[in-house]
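The values are calculated or read from the model by the stated rules, or taken from the named source; none is laboratory data. Values in this document were obtained by computation on a predicted structure and should not be read as measured data. Heads up, the Cβs are rebuilt from the backbone with ideal geometry, glycines too, and the neighbour counts pull from every protein chain shown. For accessibility, only protein heavy atoms count, side chains too; no ligands or nucleic acids. Shrake-Rupley method; radii C 1.70, N 1.55, O 1.52, S 1.80 Å.
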Amino acid sequence: VQLQASGGGLVQAGGSLRLSCAASGRTLSNYVMGWFRQAPGKEREFVAAITWFGSSEYAESLKGRFTISRDNAKTTVYLQMNSLKPEDTAVYYCALDSQAPPFVSRTQGRYDYWGQGTQVTVSS
């Protein structure tokens with residue numbers, strides 16, 4: 001399975017970006033897709049994830065500003081990021097948990113496929 005993330009870029013504080021991550025390769029179903037991010041000098045952290053059936057979870061600090069969604073027909077997950085802040089600057093990674101879980105995991109080790117990351121830079 002390959003994951004291709006896109007949509008990152010440079011945006012001013014208060015602006016919006018929409019990240020996309022397309023999965024290709026082996027046919028999968030009932031998988032969870034998630035987003036993580038890693039800021040300079042920090043560990044990678046959970047952002048959001050969504051089950052096959054659309055149940056989602058978010059990092060507490062991002063609720064209300066970020067929205068995760070998916071299009072199963074297009075095997076694509078999206079992350080809409082609004083009201084961006086300089087502290088949102090990071091490399092954003094999409095990930096896929098292929099073990100057909102009924103729930104979202106916030107644990108990186110749970111995810112067995114990772115995209116290459118897309119840079120998001122928010123200027124003040």
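The figures follow:
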read-out	value
Charge context of Y93, other residues only, Cβ under 15 angstrom, K/R +1, D/E -1	0
Rounded percent of accessible protein surface that carbon and sulfur make up, the chain, 1.4 Å probe	47 percent
Average accessible area per residue (Å²) across the range 49-100 - probe 1.4 Å, nucleic acids and ligands excluded	44 Å²
Over the chain, volume per residue of the alpha carbon convex hull, in Å³	90 Å³
Taking N as its residue count, the alpha carbon Rg of the range 81-124 over 2.2 N^0.38 Å	1.45
